[in-house]
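The values are calculated or read from the model by the stated rules, or taken from the named source; none is laboratory data. Nothing here was measured: the structure is a model prediction, and the numbers come from that model. A quick note on method: Cβ atoms are made from the backbone with ideal geometry, for glycine too, and the neighbour counts reach across all protein chains shown. Quick note on the areas: whole protein, heavy atoms, side chains included, nothing else; ligands and nucleic acids left out. Shrake-Rupley method; radii C 1.70, N 1.55, O 1.52, S 1.80 Å.
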Amino acid sequence: MTCTELFSALQKIPSVSGFEQQAGEALNSLLGPCFDEYLPLLPANHLFIRRAGKENAKKLMIDCHFDEVGFVVNSMRADGILGLSAMGGPDPLTLGAGAFTVYANQPIPAVMQGAPVTMGSSRKAVPTNELQLFTGYSESKLREMGVDIGTPVGYATDEPLKLQNNRIACKSGDNKTSIAAAVRAIELLKDTKLNCDIYLLLSCEEESYMAGARTGTYAVMPDAALVVDVDFGTTPDVGKNKAGSPEGGPSIPLSIQTDRRMTLRLTEIAKEKEIPYQMTICPLSTGTNARAVAFSREGVPTAVLGVPLQNMHTGVEVFAEEDLENTAKLIAAYITATYSEEAQK
């Protein structure tokens, strides 16, 4: 499957932050054939392992957070209006025109009730814990359908919208684009003999507390890690000094959280293989799970790759298809150059 095909299948699997544990069966059905083993881990992680078949093999962990920003029902009115609290950081200014899905016994389509900003000269965003959702159903009918306090709500799950110049508009690009690229990299390595076991950690709750990366890294105890996430793509409100250019390839951040040798090696391999990439400077934080992975136990050498994503944390995130493919190629090339039997002769 191409990266875009993998992403299309992944974004149909609901994963609102805090509710990722419900996706195990669907994930294993989709991704299991690419790996030797699947393990669900507490609190809500999904771990896929490709084994090298060697004793005492090194462990390389690829972390891609699986959760997406969304909401949880915090109140129900008699007329069926649902109150919401945010899970993660959805952009409140974009919510009024959006379509949503209530994940009850069956998916229920919904829209926001009212504008997401207060009227008047201040034009402030309505607090996300005061948002109201409209389904058209009464409270009693919603309860019959399985809606209650604590029910998750996400952006509407539709087929990704194909735009011009190989751009894709979608929900949950953060971070299922990165998962698609990582799995595609594993597929590219299917005929490569490696001296390391690869642990693909689809970690939970990155959008809230990074709980999955902390506990998952502690469980795997990797020798090194690649954290693959999205990065801001340039838009009119996000300039080039703060974002990567779509079609420019994955970003490689230089940060106090990243290992210098791994980061330098990624850039060397990208140049050698003529894979487009973009260097970014993130002095104190990459804004990714590297914060948890790199400082687990006595420390884990960690590098980060970012897929440029426009309109992050909205229902119309946009990415360039070639950025996914180039991220996959760079992951596969790095693993081949570092851990293949041929490279270590």
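Assorted remarks:
- Cβ pairs under 6 Å, 6+ apart, first in segment 13-32 and part of a helix (DSSP H, G or I), second open to solvent by less than 40 Å² (accessible area, probe 1.4 Å) and among the acidic types (Asp, Glu): Glu20/Asp67
- Here is the figure for segment 89-103: residues that are open to solvent by 30 Å² or more (accessible area, probe 1.4 Å) and either in contact (Cβ under 8 Å) with a residue 40 or more places away in the chain or more than 23 Å from the chain's Cα centre (by Cα) (or both) total 7.
- Unmet criterion (only one of (1) open to solvent by 30 Å² or more (accessible area, probe 1.4 Å); (2) out of contact with any helix residue (DSSP H, G or I) (no Cβ under 7 Å at 6 or more places or on another chain); (3) under 29 Å from Pro160 (Cβ atoms)) for Met312: (2)
- Yes/no for Leu330 being under 17 Å from the mean Cα position of the chain (by Cα), within 30 Å of Glu159 (Cα to Cα) and crowded, with 19+ Cβ neighbours inside 10 Å: no
- Residue within segment 94-110 that is closer than 21 Å to Gly216 by Cα, touching a strand residue (DSSP E or B) at 6+ places or on another chain (Cβ under 9 Å) and either of a type in the set (Gly, Ala, Ser) or modelled with pLDDT under 95 (or both) present: no
- Filtering segment 143-157 to residues that are in a loop (DSSP other than H, G, I, E, B) and either touching a residue at least 60 places away in the same chain (Cβ under 8 Å) or open to solvent by 100 Å² or more (accessible area, probe 1.4 Å) (or both) leaves Val147, Asp148, Ile149, Gly150, Thr151, Ala156, Thr157.
- In summary, strands (runs of 3 or more DSSP E) completely within segment 219-289 and bearing 1 or more residues that are modelled with pLDDT of 95 or more and within 25 Å of Leu47 (Cα to Cα) occur at 224-232, 251-254.
- Scanning segment 195-221 for residues that are open to solvent by 10 Å² or more (accessible area, probe 1.4 Å) and either out of contact with any Leu (no Cβ under 7 Å at 6 or more places or on another chain) or of a type in the set (D, E, K, R) (or both) gives Asn195, Asp197, Glu205, Glu206, Glu207, Ser208, Tyr209, Met210, Ala211, Arg214, Tyr218, Met221.
- Among the residues of segment 167-181, the ones that are farther than 14 Å from Val227 by Cβ and either free of Cβ contacts under 8 Å to residues at least 12 places away in the same chain or of a type outside the set (S, T, N, Q) (or both) come to 8 in all.
- Close pairs (6 angstrom Cβ cut-off, 6 or more residues apart or separate chains): closer than 24 Å to Asn165 by Cα in segment 246-258, open to solvent by less than 10 Å² (accessible area, probe 1.4 Å) and modelled with pLDDT under 95 anywhere: Pro246/Gly233; Ser251/Gly244
- Complete set of residues in segment 297-309 that are open to solvent by 10 Å² or more (accessible area, probe 1.4 Å) and not aliphatic (A, V, I, L, M): Arg297, Glu298, Gly299, Pro301
For (1) at pLDDT 95 or above; (2) open to solvent by 20 Å² or more (accessible area, probe 1.4 Å); (3) among the acidic types (Asp, Glu), each residue gets a yes or a no:
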{"position": "Thr4", "(1), (2), (3)": "no, yes, no"}
{"position": "Phe7", "(1), (2), (3)": "yes, no, no"}
{"position": "Lys12", "(1), (2), (3)": "no, yes, no"}
{"position": "Glu25", "(1), (2), (3)": "yes, yes, yes"}
{"position": "Asp36", "(1), (2), (3)": "yes, yes, yes"}
{"position": "Leu41", "(1), (2), (3)": "yes, yes, no"}
{"position": "Asn45", "(1), (2), (3)": "yes, no, no"}
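- Scanning segment 255-272 for any residue that is of a type in the set (Asp, Glu) and closer than 21 Å to Thr177 by Cβ turns up nothing.
- Residue check, Val307 under 17 Å from the mean Cα position of the chain (by Cα) and at pLDDT below 95: no
- Qualifying residue in segment 316-325 (condition: in a loop (DSSP other than H, G, I, E, B) and open to solvent by 10 Å² or more (accessible area, probe 1.4 Å)): yes
- Unique match (being without any contact (Cβ under 8 Å) to a residue 40 or more places away in the chain, charged (D, E, K, R) and in contact with a strand residue (DSSP E or B) (Cβ under 8 Å, 6 or more places away or on another chain)) among Asp67, Asp36: Asp36
- Just one of (1) open to solvent by 80 Å² or more (accessible area, probe 1.4 Å); (2) farther than 29 Å from Thr314 by Cβ fails for Ala224. It is (1).
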